[in-house]
Amino acid sequence: MAGWSAFLTALFIVQPCIAQKLHSYEPLMMDPYSTIYVDDGSCSAGKVLKVQGAAKNHRRKKSCVPLSDLQPGTRSGSAK
């Protein structure tokens, strides 16, 4: 039983890190409305490209965001 609780605790700790993976290139296919971060050198120093997928016949939304936005931390809407 202690093994399962340790496993679940580790899973909850690791999960946010997986969601913030940096890709080295922009994928050809993306799910609609999904968001990925690409570090391909197209943005200035300290920034990465944020790519948001779109539905058919629409363009993807792309913007450069600071790398600090990807770091885990407290969110403004979190409970105290």
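5 Å is the cut-off here: which amide hydrogens, built 1.01 Å from N in the peptide plane, fall below it relative to Ala54, excluding neighbours closer than 5 in sequence?
Distant-sequence amide H within range of Ala54: Tyr33.
Could you name the aspartates and glutamates in cross-link range of Lys61, using Cα to Cα under 14 Å and dropping any fewer than eight places away on the same chain?
Reachable aspartates and glutamates: Glu26, Asp31.
Quick one: what are the phi-derived ³J(HN,Hα) couplings along the stretch 45-54, Karplus 6.51/-1.76/1.60 with θ = phi - 60°, whole Hz, x for glycine and proline?
4, x, 10, 10, 8, 9, 10, 10, x, 9
Only the coordinates and a few stated rules stand behind these numbers; no lab work does. Small disclaimer: the values here were computed from a predicted structure and weren't measured.
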